[in-house]
Amino acid sequence: MTNPSISANAFGPKFQWGIAIAAPQNEGAYLTDGRGLSIWDVFSRRTGKIKGGAKPYEACDFYHRYKDDLMLVKALGFTVFRFSISWSRILPEGMGKVNREGIAFYHRLIDECLLLGLTPYVTLYHWDLPQELQKQGGWTSHQMLKWFTRFTTLCCEEYGDKVKNWIILNEPMGFTSLGYMLGMHAPGKTGIRNFFPAVHNAVLCQAEGGRIVKSAVTKARVGTSFSCSEVVPYSQREEDILAAQRADALLNRLFIEPALGRGYPQMERFPLLDKLHLHNKAWKYTERMQFNFDFIGIQNYFSLTVRNNALIPYLHASEVKAASRKVPHTDMGWEINPESFYRMIKRFWLYGGVKEIMITEGGAYFKDILHNGVVNDARRIDYFKQYLSAALKARKEGVNLTGYFAWTLTDNFEWSEGYKARFGLVHVDFATQLRTIKNSGYWFRDFLRGS
Ligand code: NOJ
């Protein structure tokens with residue numbers, strides 16, 4: 001599928017080219033100007049949870065360096081900038097008192113985007129719940145919808161005149177499974193007792209958030225972003241096929257199907273879903289779980305091969321790693337499979353009811369070497385070429401695919417991987433905060449210029 005001569009022109013003049021970041025991964029300044037603690041600030045103190053004991057306290061200091069970083073976005077030729085709002089920066093306790101200094105920061109950031117001709121896309125929730133709300137149960141609490149309503153309403157009132165593109169949740173499957181089932185991400189909760197309420201509250205907030213933004217912001221375009229991964233059975237044995245179907249229901253269907261009005265995915269012989277089906281039966285929930293998004297964001301970082309594994313609780317499936325299958329993979333161990341990316345775009349499109357798809361994140365971690373001021377990240381360039389070709393193929397076949405956002409601008413805080421897993425188009429020396437554009441950044445600039 002590789003098309004070495006691919007250029008942005010092939011996507012047409014209206015296609016949106018963006019770059020995405022997230023507050024807890026980039027901003028740092030975790031105690032500056034009245035910000036409250038988020039679950040990531042607290043979780044990162046727990047021994048052994050984050051590689052190298054890394055903390056998100058400073059990250060790449062976007063809070064102070066946003067003007068320079070936006071200049072980089074501009075210099076690389078992108079016209080869209082996606083960022084998230086740190087809830088605890090504007091509402092330090094999650095509810096209650098508004099922190100005007102935090103509010104002012106996002107006004108400055110948005111104004112700077114507009115000054116540079118960058119269209120802002122705001123993500124409301126990119127995984128950094130205020131710690132004060134976590135103390136009351138966080139995403140498992142029945143108060144979550146009330147809290148999210150307050151936060152969303154405040155953001156719309158403050159920024160709705162200037163920001164028209166909104167993304168409600170970033171990868172709800174990511175934060176509910178890693179944070180409330182597996183304990184690998186903040187807040188480190190485990191088990192289905194936490195997972196189910198977190199999922200259901202996220203599904204409700206996803207839809208209700210859409211309604212709030214639509215009614216509060218004139219001419220708003222509202223989307224939400226989903227992670228997705230094609231799941232392939234390791235063998236054609238029935239037990240492996242069923243394992244793949246179970247993993248698929250969780251990874252790819254759990255959040256989009258309720259949004260489309262289908263309720264939670266139905267699957268025989270998968271007791272894990274039974275509890276959620278109860279919500280389908282209550283008509284009021286099915287209706288409240290639905291929202292007619294203007295666009296949906298797709299984020300595909302890997303495909304998965306799984307086999308039946310009785311030892312894995314509930315799911316009874318485990319991954320057969322790309323390295324052991326000797327297929328191409330990134331330094332995260334994630335399988336590189338642009339064909340499966342193409343198939344996932346098509347699959348989401350073919351649901352019906354999806355009006356527009358944007359790739360709200362795409363990128364890869366490869367070990368970078370900074371040598372004499374140069375990062376020659378040829379493997380990342382090749383990755384983008386392959387994935388952009390796959391996206392183009394889907395678009396040419398009629399998918400209303402309208403944008404692609406690279407993940408990410410600068411190397412940043414990669415959650416439980418700390419600072420080692422670098423996804424940026426721009427290298428960061430975390431000791432000095434010095435930025436160096438990687439060759440992939442220059443490649444993107446030329447690609448966007450059409451040269
Ligand atoms: C998706 C998440 O939204 C983002 O925060 C993360 O850094 C990338 N995946 C890479 O893991």
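Can we say Thr402 is surrounded by 24 or more Cβ atoms within 10 Å (Cβ to Cβ) and touching an Asp or Glu at 6+ places or on another chain (Cβ under 8 Å)? Steps first, please.
On the way: surrounded by 24 or more Cβ atoms within 10 Å (Cβ to Cβ): no; touching an Asp or Glu at 6+ places or on another chain (Cβ under 8 Å): yes.
No; evaluated as a whole, the condition is false for this residue.
Taking the options Tyr383, Tyr387, name whichever one is on the phi < 0 side of the Ramachandran plot, touching a helix residue (DSSP H, G or I) at 6+ places or on another chain (Cβ under 8 Å) and either buried (at least 17 other Cβ atoms within 10 Å of the Cβ) or outside any helix (DSSP H, G or I) (or both).
From the options Tyr383, Tyr387, the qualifying one is Tyr387.
Could you list all residues from the stretch 201-241 that are farther than 30 Å from Val320 by Cβ and small (Gly, Ala, Ser)?
Once the filter is applied, which keeps residues that are farther than 30 Å from Val320 by Cβ and small (Gly, Ala, Ser), the stretch 201-241 yields Ala207, Gly209, Gly210, Ser215, Ala216, Ala220, Gly223.
For the stretch 399-417, does any single residue satisfy the condition of being away from the ligand (no atom under 15 Å from the Cβ) and of a type in the set (Asp, Glu)? Give the derivation first.
Residues of the stretch 399-417 that are away from the ligand (no atom under 15 Å from the Cβ), as a first pass: 399-403.
From what is left, the residues that are of a type in the set (Asp, Glu) are none.
Among the residues of the stretch 399-417, not one is away from the ligand (no atom under 15 Å from the Cβ) and of a type in the set (Asp, Glu), which makes the answer no.
Which residue pairs have Cβ atoms under 6 Å apart, sit 6 or more places apart or on different chains, and have a first residue in the stretch 356-369 that is more than 13 Å from the ligand (Cβ to nearest atom) and a second that is open to solvent by 10 Å² or more (accessible area, probe 1.4 Å) and polar (S, T, N, Q)?
Glu356/Asn400; Glu356/Thr402; Met358/Thr402
Quick test of your reading of the structure: Val428 fulfils all but one of (1) among the aliphatic types (A, V, I, L, M); (2) open to solvent by less than 20 Å² (accessible area, probe 1.4 Å); (3) within 23 Å of Ser340 (Cβ to Cβ). Name the failing condition by number.
(3)
Return the total of residues in the stretch 163-211 being farther than 17 Å from His142 by Cα, more than 16 Å from the ligand (Cβ to nearest atom) and open to solvent by 20 Å² or more (accessible area, probe 1.4 Å).
5
Being touching an Asp or Glu at 6+ places or on another chain (Cβ under 6 Å) and closer than 19 Å to Tyr234 by Cα, is that true of even one residue in the stretch 344-361?
Looking through the stretch 344-361, at least one residue is touching an Asp or Glu at 6+ places or on another chain (Cβ under 6 Å) and closer than 19 Å to Tyr234 by Cα.
It is to be established whether one or more residues within the stretch 305-328 are surrounded by 14 or more Cβ atoms within 10 Å (Cβ to Cβ), under 20 Å from the mean Cα position of the chain (by Cα) and either under 22 Å from Asp240 (Cα atoms) or more than 16 Å from the ligand (Cβ to nearest atom) (or both).
No.
Pull out all pairs, ordered by first then second residue, where Cβ-Cβ is under 8 Å, the residues are six or more apart or on different chains, the first lies in the stretch 275-296 and is within 20 Å of Ile192 (Cα to Cα) and touching a residue at least 60 places away in the same chain (Cβ under 8 Å), and the second is among the hydroxyl-bearing types (Ser, Thr, Tyr) and in a helix (DSSP H, G or I).
If the second residue must be among the hydroxyl-bearing types (Ser, Thr, Tyr) and in a helix (DSSP H, G or I), the pairs left are His279/Tyr285; His279/Thr286.
Residues in the stretch 431-451: is at least one at pLDDT 95 or above, open to solvent by 10 Å² or more (accessible area, probe 1.4 Å) and within 12 Å of the ligand (Cβ to nearest atom)?
Within the stretch 431-451, none of the residues are at pLDDT 95 or above, open to solvent by 10 Å² or more (accessible area, probe 1.4 Å) and within 12 Å of the ligand (Cβ to nearest atom).
The values are calculated or read from the model by the stated rules, or taken from the named source; none is laboratory data. Note that this is a predicted model, so its numbers are computed, not measured. Counting neighbours? That spans all protein chains shown, and the Cβs are built from the backbone with ideal geometry, glycine included. SASA here: full protein model, heavy atoms, side chains in, ligands and nucleic acids out. Shrake-Rupley method; radii C 1.70, N 1.55, O 1.52, S 1.80 Å.
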